[in-house]
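Single-structure report; data block below.
The values are calculated or read from the model by the stated rules, or taken from the named source; none is laboratory data. Remember, it's a predicted structure, so these values are computed and weren't measured experimentally. Because the Cβ atoms are built from the backbone with ideal geometry, glycine has one as well, and the counts that use them run over all protein chains shown. Remember, those area values only see protein heavy atoms, side chains included, never the ligands or the DNA or RNA. Shrake-Rupley method; radii C 1.70, N 1.55, O 1.52, S 1.80 Å.
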Amino acid sequence: MGKQGRRRMGSYALFLIALFLCKFLAVAILDPLDFLALQSIRKSLHDLPGSNFFASWDFTSDPCNFAGVYCDSDKVIALNLGDPRAGSPGLTGRIDPAIGKLSALAELSIVPGRIYGSLPQSVSQLKDLRFLAISRNFISGDIPATLGQLRSLKTLDLSYNQLTGEIPRSIGTLPELTNVILCHNQLSGSVPPFLSQVLTRVDLKHNALTGSLAPDSLPPSLQSLSLAWNQLTGPVDRLLSRLDQLNYLDLSLNQFTGPIPSQLFSFPITNLQLERNLFTGSVQPADQVTISTVDLSHNRLWGQISPMFSTVQNLYLNNNRFTGQVPASFVDRLLSGSIQILYLQHNYLTGIEIKPTAEIPVSSSLCLQYNCMVPPVQTPCPLKAGNEKTRPTAQCNEWKG
């Protein structure tokens, strides 16, 4: 037996002596399987320079007093690995499969650091696990499909890693799931349907997901949905119409098609990001829109701009196919400072009733260039708007025709 093996056996022998003494004193002590699992976990992980998280992990003492280890009676119920303070260096190494031996574990988290390798399949043995969060590390490989066996799981956060492959459909069947955060990975394939009726947050942005979303693929309980920066396609109007609890929606930088449902604008959303898709049709909210930021830019929307949007603080309608006059209510709210951003450039608009001498508040931005009119006021536009003030007459005539 090597020196390392003798040292491990020595610490376990001390643990058994402590176990013997504690039985006399009627004091609970850690289950031997949990003790050995913690030893294996410690062996495979290390502090990054500047971190001293593992300084308290002395196996000649009670592991329930270790940093990040929480026990109930003789079982480990929570494992929070790494210094949680902002800016701490974190840990490096691999997650040892022995983690699956912590049979009562309900919470597992690892702070941002340089953990690499795959997520062990053995995590699926943790039948009581409710919270799994290992974000901003270097975890790679596939998400184990066997995570679908964790029927008590509420939060799954594996964001900002290097995960590949598809999101297992089994994860969508978890009945207690409330948060799914898998953003900033390299996941591909389609978005599985989520069956949990208590799901409130889905964040899958910055992946390589493809395919379309079925109208019933997400539950009405959803409050936050981010699918930005993927390659998703197809219509979403029937799906979105059902999600009336949404307070945050970001579908930007995809290839979604079809109309934007008018009822979406009456939902309790504070930030609506639908830019850079292939949405078509007219956009006509039924009531004044109370969403503070609405970005519908870079789509294929047409028709007249609804005056219902004049109550939006930051409105991006640029790079579409809107026509007609800009409603007068926009001018009133712009000059009063109620509208901070009004981007209407690169459309087919034919007029706006604003005096050339009108003073637009310094806190407000208006861009009108490249429409079917000469902008009556000269205002600074974003650089991406280009230098041309007016759309060529031939294009305007062609669009009228």
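Any residue that is in a helix (DSSP H, G or I) and either among the polar types (S, T, N, Q) or at pLDDT 90 or above (or both) - is there at least one of those in segment 349-363? I'd like the intermediate steps shown before the answer.
Applying the first criterion (in a helix (DSSP H, G or I)) to segment 349-363 yields none.
No, every residue in segment 349-363 fails to be in a helix (DSSP H, G or I) and either among the polar types (S, T, N, Q) or at pLDDT 90 or above (or both).
So, Gln313, is that one open to solvent by 20 Å² or more (accessible area, probe 1.4 Å) and more than 20 Å from Pro380 (Cβ to Cβ) or not?
So Gln313 fails the test.
Hey, Gln345 hits all of (1) open to solvent by less than 40 Å² (accessible area, probe 1.4 Å); (2) at negative phi; (3) outside any loop (DSSP other than H, G, I, E, B) but one; which does it fall short on?
Failed condition: (3).
Test Leu163 against the criterion of being in contact with an Asp or Glu (Cβ under 9 Å, 6 or more places away or on another chain) and open to solvent by less than 10 Å² (accessible area, probe 1.4 Å), and give yes or no.
Details: in contact with an Asp or Glu (Cβ under 9 Å, 6 or more places away or on another chain): yes; open to solvent by less than 10 Å² (accessible area, probe 1.4 Å): yes.
When the stated conditions are applied, Leu163 passes them.
When you look at Arg136, is it within 23 Å of Val69 (Cβ to Cβ) and surrounded by fewer than 20 Cβ atoms within 10 Å (Cβ to Cβ), yes or no?
Taking the combined requirement at face value, the residue satisfies it.
Among the residues of segment 125-164, what is the count of those that are over 17 Å from Asp96 (Cβ atoms) and either of a type in the set (A, V, I, L, M) or in a strand (DSSP E or B) (or both)?
Residues that pass the stated criteria total 13.
Could you list all residues from segment 364-401 that are in a loop (DSSP other than H, G, I, E, B), touching a residue at least 12 places away in the same chain (Cβ under 8 Å) and among the polar types (S, T, N, Q)?
Correct list: Ser364, Gln369, Thr379.
I'd like to check something: does segment 328-340 contain any residue that is among the aromatic types (Phe, Trp, Tyr), open to solvent by 10 Å² or more (accessible area, probe 1.4 Å) and either part of a helix (DSSP H, G or I) or in contact with an Asp or Glu (Cβ under 6 Å, 6 or more places away or on another chain) (or both)?
No, there is no match, as no residue in segment 328-340 is among the aromatic types (Phe, Trp, Tyr), open to solvent by 10 Å² or more (accessible area, probe 1.4 Å) and either part of a helix (DSSP H, G or I) or in contact with an Asp or Glu (Cβ under 6 Å, 6 or more places away or on another chain) (or both).
Based on this model, can you work out whether Arg238 counts as touching a Ser or Thr at 6+ places or on another chain (Cβ under 6 Å), without any contact (Cβ under 8 Å) to a residue 40 or more places away in the chain and farther than 19 Å from Thr311 by Cα?
no
If you scan segment 172-184, which residues turn out to be open to solvent by less than 10 Å² (accessible area, probe 1.4 Å), in contact with a Phe, Trp or Tyr (Cβ under 8 Å, 6 or more places away or on another chain) and part of a loop (DSSP other than H, G, I, E, B)?
Selection gives Leu177, Cys183.
Looking at segment 292-310, which of its residues are surrounded by fewer than 20 Cβ atoms within 10 Å (Cβ to Cβ) and closer than 20 Å to Arg238 by Cβ?
Arg300
Can you name every residue in segment 292-307 that is in contact with a Lys or Arg (Cβ under 6 Å, 6 or more places away or on another chain) and assigned to a loop (DSSP other than H, G, I, E, B)?
Within segment 292-307, just His298 meets the criteria.
Report, ordered by the first and then the second residue, all pairs with beta carbons closer than 6 Å, sequence separation of six or more or different chains, a first member in segment 279-300 that is hydroxyl-bearing (Ser, Thr, Tyr), and a second member that is buried (at least 19 other Cβ atoms within 10 Å of the Cβ).
Final answer for the pair search is Ser297/Glu275; Ser297/Tyr316; Ser297/Asn318; Ser297/Asn319.
Residues checked against (1) of a type in the set (A, V, I, L, M, F, W, C); (2) in contact with a helix residue (DSSP H, G or I) (Cβ under 6 Å, 6 or more places away or on another chain); (3) within 17 Å of Pro144 (Cα to Cα); (4) at pLDDT 95 or above:
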| position | (1), (2), (3), (4) |
| --- | --- |
| Ala98 | yes, yes, yes, yes |
| Ser103 | no, no, no, yes |
| Leu108 | yes, no, yes, yes |
| Tyr116 | no, no, yes, yes |
| Leu126 | yes, no, yes, yes |
| Leu129 | yes, no, yes, yes |
